[in-house]
Amino acid sequence: MTGNDTRRRWLVGVVICGLLSIAARLPAGDEPALRGMRYTPRSPVEAAAWQQDVRNKLWPLLKLDDLIADRASIALNPTQISAEKKDGYELQEVEINSTPARRIKVLVARPAAETGTGTDQADRRLPAGSAISSHPAVVCIHGHSGNRRIVYDGNSLYRGFAAALAERGYVTIAADVCQHAVYENERTLMGERLWDLMRCVDYLESLPEVDKSRIGCGGLSLGGEMAMWLGAMDTRIAATLSSGFLTRMDQMERNHCMCWKFDGLRELVDFADIYSLTAPRALLCQNGLQEPSSQFPVSLAADALREIGLIYTDYGRPQNAALQAHLEGHIIHLPGLLAFFEENMRKAPKDAEK
């Protein structure tokens with residue numbers, strides 16, 4: 001993709017998001033009471049019950065409750081479209097069933113050999129006789145200004161983090177999640193985006209080389225938002241990296257794409273509560289110190305993280321939730337991302353929520 005193509009996509013996204021922002025605003029005085037399910041300190045058992053209660057309330061708001069109920073009956077039926085050899089992995093484009101009526105294309109990086117190949121693989125090779133399901137995997141999520149391919153592009157804001165992980169022996173997968181119109185009637189944008197990512201997890205679990213206990217997710221901007229949702233609602237996710245998104249809903253009501261908002265959401269939770277659904281599993285949020293005050297400033301992220309920390313403390317795992325304030329702006333901090341997944345995905349996670 002050329003620089004001009006990327007800029008055109010970005011400008012189209014800005015225009016669409018601006019129109020959605022105007023259309024989604026309520027007149028002054030029409031806002032109902034907000035955040036009825038705000039998390040407050042409690043025992044671990046009560047915390048788990050709160051998480052389940054919030055998820056049970058969110059599924060119908062996302063308009064996913066029917067798909068969740070029928071999920072086991074929706075076959076993936078994968079079809080490989082193409083394959084390309086890379087340094088230490090093969091990049092495959094695959095089409096799978098998302099819903100009974102809709103198929104999606106995903107980009108999957110799979111290790112070229114179970115022992116690993118490539119220039120930096122020598123110290124990562126598996127011992128002889130290792131089980132085939134030995135590789136960690138990460139769902140890699142783009143934002144408004146990209147598609148499933150851009151997370152493999154080292155010259156993008158995403159720093160090619162999907163490729164960097166694949167070169168280190170991870171299985172990675174990416175899907176398109178930046179649509180601004182629902183594909184199926186009676187769905188929501190956020191629900192369809194989340195469901196497609198959950199189907200990515202389903203596909204990862206179907207691969208024999210993937211260790212099901214070591215599946216993570218990460219993304220930037222809208223991708224950071226979708227990583228929040230995936231880690232929160234799908235407890236198969238062992239580690240969540242959310243970059244360029246941690247904030248408050250009040251902030252997102254101004255000068256932002258309103259595709260994050262759907263009926264009933266604000267009455268139920270704020271973003272800190274959604275992130276709290278990941279506890280006690282590993283969570284790292286990245287916000288840049290060069291983010292302007294109108295976007296995703298570190299100050300708002302730090303306030304939100306203090307709220308998220310309540311449930312991690314209640315679970316006895318305060319160290320599992322962190323904010324990395326890096327020196328750049330709205331961009332993936334690649335060293336921090338790689339270190340996070342290395343720390344949390346190289347061995348089976350402990351105390352993961354079941």
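Once region 331-349 is narrowed to residues that are touching a Leu at 6+ places or on another chain (Cβ under 7 Å) and surrounded by 21 or more Cβ atoms within 10 Å (Cβ to Cβ), the residue that is nearest to Gly224 (Cα to Cα) is Ile332.
Looking for whichever is among the small types (Gly, Ala, Ser), part of a loop (DSSP other than H, G, I, E, B), modelled with pLDDT of 95 or more and in contact with a Phe, Trp or Tyr (Cβ under 9 Å, 6 or more places away or on another chain) here; the options are Gly146, Gly169, Gly191. Which one fits? I'd like the intermediate steps shown before the answer.
Details: Gly146 fails: modelled with pLDDT of 95 or more; Gly191 fails: part of a loop (DSSP other than H, G, I, E, B).
Answer to the check: Gly169.
Within region 280-307, the set of residues being more than 15 Å from the chain's Cα centre (by Cα) and closer than 19 Å to Glu46 by Cα comprises Pro280, Glu307. Across region 67-83, the qualifying residues are those that are of a type in the set (Ser, Thr, Tyr) and either touching a Gly at 6+ places or on another chain (Cβ under 7 Å) or open to solvent by 60 Å² or more (accessible area, probe 1.4 Å) (or both), and the one among them that is nearest to Lys105 (Cα to Cα) is Thr79. Checking each residue of region 316-323 against the condition of being part of a strand (DSSP E or B) and crowded, with 23+ Cβ neighbours inside 10 Å gives at least one match. Taking the numbered list (1) in contact with a helix residue (DSSP H, G or I) (Cβ under 7 Å, 6 or more places away or on another chain); (2) without any contact (Cβ under 8 Å) to a residue 40 or more places away in the chain in turn, Ile141 passes all entries but (2). Scan Ser82, Ser98, Ser43, Ser21 and give me the residue that is at pLDDT below 95 and either touching a Phe, Trp or Tyr at 6+ places or on another chain (Cβ under 9 Å) or polar (S, T, N, Q) (or both). Answer to the selection: Ser21. Screening region 88-108 for residues that are of a type outside the set (A, V, I, L, M) and in contact with a helix residue (DSSP H, G or I) (Cβ under 6 Å, 6 or more places away or on another chain) and picking the one that is surrounded by the most Cβ atoms within 10 Å (Cβ to Cβ) gives Tyr89.
The one condition from (1) small (Gly, Ala, Ser); (2) more than 15 Å from the chain's Cα centre (by Cα); (3) closer than 23 Å to Asn344 by Cα that Ser145 does not meet is (3).
The values are calculated or read from the model by the stated rules, or taken from the named source; none is laboratory data. Please read all numbers here as calculations on a predicted model, not as lab measurements. Backbone-built Cβ (ideal geometry, glycine too); neighbour counts: all protein chains shown. Surface accessibility is based on the protein's heavy atoms, side chains included, excluding ligands, DNA and RNA. Shrake-Rupley method; radii C 1.70, N 1.55, O 1.52, S 1.80 Å.
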